[in-house]
Amino acid sequence: MADTTIDTTTDTTIPRLVRSGGVEWARTVLRADAVLCAGSGALLVVAASPLARLADGEPVAVLRGVGVFLLLFAADLVLLSRVRPERLGAAVGVAGAGSVAWIAATAGVVAAGWLDPGGAAVAAVSALVVAGFAWQEITAALDIRRARRLVARVGG
């Protein structure tokens, strides 16, 4: 029977895969999420008054508050994208959990009827975009976790 163990002193495929594929993809997803949050946040802060008029009189302070939150969250995502590779799986998992919480909060606001139909539609579309990021973040976290377990199992 053939030996199926991997000699990690000569075969660097798995550690290289963990470093280049999973880690870089996770960083890219976090940075893309940060860009979207920063753009949305800046728009809400700068254009809260006109957006409030378009949204059938939503309170300007609420729109600005959400914008400030998104700007702070974007900064947090940038920081998470810069953590050491050993901690990146947890960092991207935290970001994914935050995205899921945002989706749940959005669903609650829409279900409570706090938005007019146009605002509810915008919120629903934004929740779908956030769901895409949540999927990518959680998948990246799980992929990094699986790869690290495999590396540990084969002695890398």
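A few notes on this one:
- For the stretch 56-90, the candidate set comprises residues that are charged (D, E, K, R) and outside any helix (DSSP H, G or I); within that set, the residue that is surrounded by the fewest Cβ atoms within 10 Å (Cβ to Cβ) is R84.
Conditions tested, residue by residue: (1) touching an Asp or Glu at 6+ places or on another chain (Cβ under 9 Å); (2) farther than 16 Å from G22 by Cβ; (3) at pLDDT below 90.
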site: V68; (1), (2), (3): no, yes, no
site: V92; (1), (2), (3): yes, no, no
site: A120; (1), (2), (3): no, yes, yes
site: F133; (1), (2), (3): yes, yes, no
site: R146; (1), (2), (3): no, no, yes
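- Residues that are under 21 Å from the mean Cα position of the chain (by Cα) and modelled with pLDDT under 90, drawn from the stretch 23-62: V23, E24, W25
- Of the residues examined, W114 is one that is outside any helix (DSSP H, G or I) and either modelled with pLDDT of 95 or more or of a type outside the set (A, V, I, L, M) (or both).
- Matching residues, the stretch 22-56, being small (G, A, S) and touching a residue at least 12 places away in the same chain (Cβ under 8 Å): G22, A26, A32, A34, A38, S40, G41, A42, A48, A55
- Among (1) surrounded by fewer than 16 Cβ atoms within 10 Å (Cβ to Cβ); (2) in contact with a Cys (Cβ under 7 Å, 6 or more places away or on another chain); (3) not charged (D, E, K, R) - the single one S126 does not satisfy: (2)
The values are calculated or read from the model by the stated rules, or taken from the named source; none is laboratory data. Owing to the predicted nature of the structure, the values given are computational and were not obtained by experimental measurement. Methodologically, a virtual Cβ is constructed for each residue, glycine included, from the backbone with ideal geometry; neighbour enumeration extends over all protein chains shown.
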